[in-house]
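Values in this text are rule-based calculations from the coordinates and carry no lab data. Bear in mind the structure is a predicted one, so any value in this text is a computation, not a measurement. Cβ coordinates were reconstructed from backbone atoms using ideal geometry, including for glycine residues, and neighbour counts include every protein chain displayed.
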Amino acid sequence: MAKFILILREDPATFASLSPDEMQAIITGYQAWSDKLARAGLLSGGEKLGEEGGRRLTSRDGTLVVSDGPYAEAKEVIGGFFIIEAADYPAAETIAAECPHLRHGVVELRRIDDMSGG
């Protein structure tokens, strides 16, 4: 089976006005969905990313340039990811179609190339 990454994109403002109970309900939905995938042997990993924005690294004339990210003008950030296993894109799309994140943002689905050489 191939591995696919579900990149969870969102507008941070979407969650800003939610109550703690509403946030907990959303978290519970993600946990239930990922538990279901794990029991089926289809979940390889996943994490929620920190909200501080991380860092953006580039190289300019051989010099490392580090800046804060994402930027204030960014309307969308990557909030987390899941790695799933599926036979092909249609099977991965079927799995991703039940991802709770679709209620709050966008899920980008990408196949992971096996670079192990084996």
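Data overview
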quantity: Nearest-0.05 FRET efficiency for Thr14 and Asp68, computed from C-beta distance (R0 22 Å); calculated: 0.55
quantity: Alpha-carbon radius of gyration plus Dmax, which is the widest Cα pair, for the stretch 1-56 in Å; calculated: 13.8, 40
quantity: Size of the chain as Cα extents on the principal axes (Å, biggest first); calculated: 48, 46, 19
quantity: Computed lengthening from Ser59 to Ile83, 0.36 nm per intervening residue step minus Cα-Cα distance; calculated: 5.8 nm
quantity: The stretch 50-117 - convex hull of alpha carbons, volume per residue in Å³; calculated: 153 Å³
quantity: Length added when fully stretched, Met1-His104, from 0.36 nm per residue minus Cα-Cα; calculated: 34.2 nm
quantity: Label-point separation in nm, Gln24 to Asp114, each point 7 Å along Cα→Cβ; calculated: 4.4 nm
quantity: Restricting the stretch 1-79 to chymotrypsin sites (Phe, Trp or Tyr not before Pro) in coil, as DSSP defines it, with at most 16 other Cβ within 10 Å; calculated: Tyr71
quantity: Built amide H within the under 5 Å cut-off of Gly79, gap 5+; calculated: Leu8, Arg9, Glu10
